DNA sequence: TAATATTTTGCAACAATGTTGCTTTTTTCC
DNA sequence: GGAAAAAAGCAACATTGTTGCAAAATATTA
């Protein structure tokens, strides 16, 4: 487990540091997505805010995590399943925000649907965010 | 035109005030969506920041405008075409962000596609944001 | 392994964004 | 026109995000 973290960092040509290990382990140990605030809290006052910002940015650049926009204007981050190398994310899955527990999940099995745009528009990326109640909260 | 603005406000049981008329006219005169910052600038230093925040919130509550989440964490607002009464928005159209001119548009003619979720999940709302190049920028 | 080069961290200061309470002004309604 | 209600403006504050730089940690090379 701990080795896996180091592996991921090394594979992406990143120095292995305390903050990176800690933040990455948070992502690995949690199913849902994390907002910047969550990470600051969960990391336990141990790291400077600036470090968290920079670490997240580094992870996004390297394609380790990706950002999920949500309606409440708080960006959340989640691990990229496949290898999104060099910041070029190709996550064709949709995102789900549970209105009950507040968690955000990547539904990796649900593929982004086709969208027919009017003439003249060209598409580079499609982001689908579904709100509702998740599996756990529906029980 | 000016009367239309007053009409909209009155129809929603809102007092007719200078800031509301001004902000609403910005929305009516522009095709794309507006971010809070845009409005502050376009209103021409005339209104307090707090007033802009509160006016936008009021408009969202009344269903006059709706918020569009984007990847860069800046919420944009656009007029609701139909009457989304009492803050209960039913905008089933998709949103388009142009990477070239930066504008955000509501594509009212493009209906949100169906999304099949895994068992256990229930949907209350679907938000689709497409990034790419818009009609005007593709010319 | 020790010395050096590189990278990352933490700090401080700052900028931007958003919020709250309260007083003054404006609008509405009679 | 005057009273009641609503909104605007102001100040102060909280949160969030950014930048430059010195100190510390990590990686690299001999």
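Below is a table of values for the structure above.
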item: Of all residues in region B:19-45 being within 16 Å of DNA strand D (Cβ to nearest atom) and free of Cβ contacts under 8 Å to residues at least 12 places away in the same chain, the one that is surrounded by the most Cβ atoms within 10 Å (Cβ to Cβ); result: B:41
item: Odd one out for residue A:37, checked against (1) within 13 Å of DNA strand C (Cβ to nearest atom); (2) within 14 Å of chain B (Cβ to nearest Cβ); result: (1)
item: Region B:107-139: number of residues that are within 18 Å of residue A:125 (Cβ to Cβ) and either under 20 Å from the mean Cα position of the chain (by Cα) or facing chain A (nearest Cβ under 8 Å) (or both); result: 16
item: Unmet criterion (only one of (1) at pLDDT 85 or above; (2) within 12 Å of chain B (Cβ to nearest Cβ)) for residue A:25; result: (2)
item: Cβ-Cβ under 7 Å pairs, at least 6 apart or on other chains, region A:51-62 side away from every other protein chain (no Cβ under 14 Å) and at pLDDT 95 or above, far side within 11 Å of DNA strand D (Cβ to nearest atom) and part of a helix (DSSP H, G or I); result: A:51/A:19; A:52/A:36; A:52/A:39; A:52/A:40; A:55/A:19; A:55/A:20
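The values are calculated or read from the model by the stated rules, or taken from the named source; none is laboratory data. Computed from a predicted model, the values in this text were never measured in an experiment. Cβ sites come from the backbone with ideal geometry, for glycine too, and all protein chains shown count toward neighbours.
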